[in-house]
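Reviewing the structure listed below.
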Amino acid sequence: MTTAVGDNPITVRGLRKSYGDWHAVRGLDLDVEPGEVFALLGPNGAGKTTTVEILEGIRRRTDGDVRVLGCDPAEDRREWRARIGVVPQTTGAYTDLTVREVVAHFAAFYPHPLPVGQVLDMVGLGKHAKKQSTDLSGGQARRLDVAVGIVGDPDLIFLDEPTTGLDPVARREAWDLVRYFADRGRTTVLTTHYLDEAEALARRAAVIVAGQVVQCGPIAELGGSARPPATVSFRIPPELAGRGLPPLPDGAEAEAPTADGLQRIHTHTPTALLSVLLPWAREARVGELPELRVHRPTLEEIYLNLIGSSAATEAEATR
């Protein structure tokens, strides 16, 4: 079974999941493109895990149209299932099995699995192959979860908080694993609370709040018109003291200088602002503006702004 050329691996329209009067997912739309790493972001309880479990065929939806690798995941066909790799937040213990035996056991479920030894090396467990799986540390057990999820060499991989419990070195190794599958043209859906992880791995992301996508697109463009402005700051040199700022580009807002001469200007167009400030400084024979910095909003700041604005809108709508 193959996905038709040009089809997206994941297409979702109007997805809903309700439990009585409580709506976990409310009319969610989503498209994931071939070969990309796509991040799902959102606060706890936003509906991310519910959405992913519906895409994986684990949970049934209440309404909406869902296509994953060209099929309805609710049908959960065997040949379709073999093309999906799932790394959930937590998995059960594998009593009395070694690390190699656990991965070999799951490899037997797939028609064309990766070699067990290769998978163990990929996740950093090669030297622990003969170790009892119940004797692994928390970070090692998480690596085993990843090994189980990818041993089938899937076309589409779901990673739900894949680096939870890993130390910084192990996190970077897990990132390399995601990039390995991306380089092979595989598609990955990444659910994470680590915004640096999303920024490092994903090209696009969807921010989910209260069961709805509030924004979706390239990570560099998240926030759009709601994106917090950049801040250009510098220390006013003696040559410019008391001269006042030049006319600023539209939308730029300058704070009053601090007592020690630090000037901050907020703008959505820092390049345009610098093109005004630098000639202004040169006219006063200032070659360098002291401590000149351009601080662009981080993904965390953009994310918090998005979910804060969405929560405020939701609260207003329910009044």
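The values are calculated or read from the model by the stated rules, or taken from the named source; none is laboratory data. Everything numeric here is computed off the predicted structure, so don't read it as measured data. Ideal geometry is used to build each Cβ from the backbone, glycine not excepted, and the neighbour counts take in all protein chains shown. Accessible surface is based on the protein model in full, side chains and every heavy atom, while ligands, DNA and RNA are left aside. Shrake-Rupley method; radii C 1.70, N 1.55, O 1.52, S 1.80 Å.
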Cβ contacts < 8 Å: first residue more than 15 Å from Val68 (Cβ to Cβ) and among the hydrophobic types (A, V, I, L, M, F, W, C), restricted to segment 21-36; second residue part of a strand (DSSP E or B) and open to solvent by less than 10 Å² (accessible area, probe 1.4 Å), any location; separation 6+ or different chain. Result?
Val25/Leu15
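What's the total number of residues in segment 95-121 that are open to solvent by less than 40 Å² (accessible area, probe 1.4 Å) and over 15 Å from Ile157 (Cβ atoms)?
Going through segment 95-121, the residues open to solvent by less than 40 Å² (accessible area, probe 1.4 Å) turn out to be 98-99, 102-103, 107, 114, 116-117, 119-120.
Going one step further and asking which of them are over 15 Å from Ile157 (Cβ atoms), we end up with 98-99, 102-103, 107, 116-117, 120.
Of the residues in that region, 8 qualify.
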Working only within segment 254-296, note down all residues that are exposed (fewer than 14 other Cβ atoms within 10 Å of the Cβ), of a type in the set (Lys, Arg) and on the phi < 0 side of the Ramachandran plot.
Arg282, Arg293, Arg296
Of the residues Val103, Val119, only one is part of a helix (DSSP H, G or I) and touching a residue at least 40 places away in the same chain (Cβ under 8 Å); which?
Val103
Restricted to segment 227-253 and to residues being of a type outside the set (Gly, Ala, Ser), open to solvent by less than 60 Å² (accessible area, probe 1.4 Å) and not in a loop (DSSP other than H, G, I, E, B), the residue nearest to Arg296 (Cα to Cα) is Thr231
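Suppose the filter is open to solvent by less than 60 Å² (accessible area, probe 1.4 Å), out of contact with any Lys or Arg (no Cβ under 9 Å at 6 or more places or on another chain) and not in a strand (DSSP E or B); does Pro34 pass it?
no
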For Thr51: the one exception among (1) among the hydroxyl-bearing types (Ser, Thr, Tyr); (2) under 23 Å from Ala198 (Cβ atoms); (3) in contact with a Ser or Thr (Cβ under 7 Å, 6 or more places away or on another chain):
(3)
Among the residues of segment 162-198, how many are of a type in the set (Asp, Glu) and farther than 20 Å from Leu120 by Cα?
2
Do we find a residue being closer than 16 Å to Leu159 by Cα, touching a strand residue (DSSP E or B) at 6+ places or on another chain (Cβ under 7 Å) and at pLDDT below 95 anywhere in segment 129-145?
yes
Residue ranges of strands (runs of 3 or more DSSP E) in segment 122-215 with at least 1 members buried (at least 19 other Cβ atoms within 10 Å of the Cβ) and of a type in the set (Phe, Trp, Tyr)
156-160
Being open to solvent by 10 Å² or more (accessible area, probe 1.4 Å) and in a helix (DSSP H, G or I) is the filter here; which residues of segment 40-56 pass it?
Lys48, Thr49, Thr50, Glu53
Could you check, for segment 7-24, whether at least one of its residues is surrounded by 14 or more Cβ atoms within 10 Å (Cβ to Cβ), modelled with pLDDT under 95 and of a type in the set (A, V, I, L, M, F, W, C)?
yes
